[in-house]
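Written below as structure tokens is the structure these notes are about.
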Amino acid sequence: MKKILCTLTTAFLVASLVSAQVSVINSPFQTFNVTPNSLIQASIMNASGEQQIVLESKLINVANEVVLSARSIPFAIHNGVNTSANSSRQIERVEYGNSSQASYIKTSHLLPSGRFKLCIVVISATTSEVIDDFCDEIESDLSQFLFLVSPFDKDTIATTQPLLAWTHSEPFNVLSQGESYRMILVELKNDQTAEEGIVTNPTYFLKNNLLSHQVVYPIDANKLEADKRYGWQVQKIANDIVINKSEAWEFTLASKNKKFTPKYATLNKKLSSGFYTAYDNKVYFRFVENYSSNIAKAIIYDEKRAVIRPKLKSEATSSQPIAIKNNGTNLFEIDLNSLNIQSGFHTLEIKNEKGELFLLKFLVQE
């Protein structure tokens, strides 16, 4: 019995000594290069002689789900600091989680925006004892953008049910449990910025669990009133904490008695996430390019790329299916009332006399 106890005591002391002598210093893990191999690149301090170890690493999201784990084959570490550059490390086993977030990491090798933990365990290849463990908090925002799109900041709108549009860089299905996006809108006081209002004012409208980049202001929500200013923002939430947010923008609902001054959109050679909102079922645009401002052809397409036709076939010609009114130097207007056009997004395509194409994405509201 004494011999057994002595053996166990010796083994315990050896394991304790090894544990004290081997430790993970840091990990060079990068959010833009997430692979099984990147999980086992930790720098290790070894205060004793050469020995064989195994690394087991886990990448854990905010919902405490393992999205990726990796185990190395046994490799040698020498006395001193051991980096991945001076040791031969290969993967023995890899396992991805079952979530959409894990699938995103597997295909893109990018870490979605949010909070994660990288936990690394050092195991003796000789005794299978855990001799050190290490966890590091990771906050990823590398691949993320979160923007408001429309109404533009300090814009004046004409409808009590505006389309509030925003965009972000990642698919919605990479959100983990406990993460979501929400839209918040507040009424602003005199001389108060939108940012200040979002922080201090009572919520006027709140939309949780956003799964679309477009929110039509609900008819049953608090009514938007003429000449009042409203601030709005989109926020990313993780376990009831704001971890990311867009800029705060403001808009004003126009007075019914105020004379309308049209805002003219500028056409571009490429479409972006922005769009123009038709006012009173009319599109106002500015067409300026280097050689001339003569429009040779104009076509409007709906979201399915179907050509929008006039209500009366006699109004259409083969070269110009829509009528364009000139409102001054380089300023033009299209009356959508004359077209068979439905609510939703559409694309205006203008060709100049040289055949160059200019585009405008616009929204028609009910």
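So that you can scan it fast, the table gives a plain yes or no per residue for (1) at pLDDT below 85; (2) surrounded by 12 or more Cβ atoms within 10 Å (Cβ to Cβ); (3) not in a strand (DSSP E or B):
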{"position": "SER318", "(1), (2), (3)": "yes, no, yes"}
{"position": "GLN342", "(1), (2), (3)": "no, no, yes"}
{"position": "HIS346", "(1), (2), (3)": "no, yes, no"}
{"position": "LYS354", "(1), (2), (3)": "yes, no, yes"}
{"position": "PHE358", "(1), (2), (3)": "no, yes, no"}
{"position": "PHE362", "(1), (2), (3)": "no, yes, no"}
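Only strands (runs of 3 or more DSSP E) whose full extent lies in segment 145-203 are considered here, and the ones with at least 3 residues that are in contact (Cβ under 8 Å) with a residue 60 or more places away in the chain are 146-150, 155-157, 163-168.
Of LEU188, LEU211, LEU175, which residue is crowded, with 20+ Cβ neighbours inside 10 Å, closer than 30 Å to VAL67 by Cα and not charged (D, E, K, R)?
On the way: LEU188 fails: closer than 30 Å to VAL67 by Cα; LEU211 fails: crowded, with 20+ Cβ neighbours inside 10 Å.
After ruling out the rest, the residue left standing is LEU175.
Restricting GLU303, GLU366, GLU289 to residues that are under 36 Å from the mean Cα position of the chain (by Cα), surrounded by fewer than 16 Cβ atoms within 10 Å (Cβ to Cβ), outside any strand (DSSP E or B) and at pLDDT 80 or above narrows the list to GLU303.
If ALA85 satisfies every condition in (1) under 29 Å from ASP240 (Cα atoms); (2) among the aliphatic types (A, V, I, L, M); (3) outside any strand (DSSP E or B) but one, which is the exception? Just one mismatch for ALA85, condition (1). If you check ALA323, ALA296 for being out of contact with any Cys (no Cβ under 8 Å at 6 or more places or on another chain), part of a loop (DSSP other than H, G, I, E, B), open to solvent by 20 Å² or more (accessible area, probe 1.4 Å) and modelled with pLDDT under 85, only one passes: ALA323.
Search segment 34-49 for residues being among the hydroxyl-bearing types (Ser, Thr, Tyr) and either within 29 Å of the chain's Cα centre (by Cα) or over 17 Å from VAL130 (Cβ atoms) (or both), and hand back the single one that is surrounded by the most Cβ atoms within 10 Å (Cβ to Cβ). Give the derivation first.
Keep residues of segment 34-49 that are among the hydroxyl-bearing types (Ser, Thr, Tyr), which gives 35, 38, 43, 48.
Then drop every residue that is not either within 29 Å of the chain's Cα centre (by Cα) or over 17 Å from VAL130 (Cβ atoms) (or both), which leaves 35, 38, 43.
Details: THR35: 16, SER38: 21, SER43: 17.
This residue is SER38.
Considering only segment 214-233, state which residues are part of a loop (DSSP other than H, G, I, E, B) and either open to solvent by less than 90 Å² (accessible area, probe 1.4 Å) or among the small types (Gly, Ala, Ser) (or both).
Going through segment 214-233, the residues part of a loop (DSSP other than H, G, I, E, B) turn out to be 217-225, 227-228.
Of everything in segment 214-233, those that are part of a loop (DSSP other than H, G, I, E, B) and either open to solvent by less than 90 Å² (accessible area, probe 1.4 Å) or among the small types (Gly, Ala, Ser) (or both) turn out to be TYR217, PRO218, ALA221, ASN222, LEU224, GLU225, LYS228.
Examine segment 50-68 for a residue that is in a loop (DSSP other than H, G, I, E, B), of a type in the set (D, E, K, R) and loosely packed, with under 15 Cβ neighbours inside 10 Å, and state whether such a residue exists. Before the answer, list the steps.
So the first thing to find is which residues in segment 50-68 are in a loop (DSSP other than H, G, I, E, B), and the list is 50, 62-65.
Going one step further and asking which of them are of a type in the set (D, E, K, R), we end up with 50, 65.
Remaining after also requiring loosely packed, with under 15 Cβ neighbours inside 10 Å: 50.
Yes, segment 50-68 contains a residue that is in a loop (DSSP other than H, G, I, E, B), of a type in the set (D, E, K, R) and loosely packed, with under 15 Cβ neighbours inside 10 Å.
When CYS135 is tested against (1) surrounded by fewer than 16 Cβ atoms within 10 Å (Cβ to Cβ); (2) in contact with an Asp or Glu (Cβ under 8 Å, 6 or more places away or on another chain), just one condition goes unmet, and that condition is (2). Determine whether TYR204 is in contact with an Asp or Glu (Cβ under 9 Å, 6 or more places away or on another chain), at pLDDT 95 or above and surrounded by fewer than 20 Cβ atoms within 10 Å (Cβ to Cβ). Answer is yes for this residue.
Scoring LYS236 on the criteria (1) open to solvent by less than 20 Å² (accessible area, probe 1.4 Å); (2) in a loop (DSSP other than H, G, I, E, B); (3) not hydroxyl-bearing (Ser, Thr, Tyr) leaves a single failure, condition (2). Across segment 92-129, the qualifying residues are those that are closer than 26 Å to SER246 by Cα and among the aromatic types (Phe, Trp, Tyr), and the one among them that is surrounded by the most Cβ atoms within 10 Å (Cβ to Cβ) is PHE116.
When ARG89 is tested against (1) open to solvent by less than 40 Å² (accessible area, probe 1.4 Å); (2) within 17 Å of PHE32 (Cα to Cα), only condition (2) is not met. Applying the condition of being more than 30 Å from GLU50 (Cβ to Cβ), part of a strand (DSSP E or B) and not acidic (Asp, Glu) to segment 88-138 and asking which residue is modelled with the lowest pLDDT yields GLY114.
Which of the residues spanning segment 71-82 are of a type in the set (A, V, I, L, M), outside any loop (DSSP other than H, G, I, E, B) and closer than 18 Å to SER128 by Cβ? Even if it seems obvious, please write down each step before you answer.
Taking segment 71-82 and keeping what is of a type in the set (A, V, I, L, M), we get 73, 76-77, 81.
From what is left, the residues that are outside any loop (DSSP other than H, G, I, E, B) are 76-77, 81.
Once the filter is applied, which keeps residues that are of a type in the set (A, V, I, L, M), outside any loop (DSSP other than H, G, I, E, B) and closer than 18 Å to SER128 by Cβ, segment 71-82 yields ALA76, ILE77.
Counting residues in segment 71-86 that are open to solvent by 10 Å² or more (accessible area, probe 1.4 Å), touching a Phe, Trp or Tyr at 6+ places or on another chain (Cβ under 8 Å) and among the hydroxyl-bearing types (Ser, Thr, Tyr) gives zero.
The values are calculated or read from the model by the stated rules, or taken from the named source; none is laboratory data. Just so it is clear, the structure is predicted and the values come from calculations on it, not from any experiment. All Cβ positions, glycine included, derive from the backbone under ideal geometry; neighbour counts span all protein chains shown. Note: accessible area is taken over every heavy atom of the protein model, side chains too, but ligands, DNA and RNA are not part of it. Shrake-Rupley method; radii C 1.70, N 1.55, O 1.52, S 1.80 Å.
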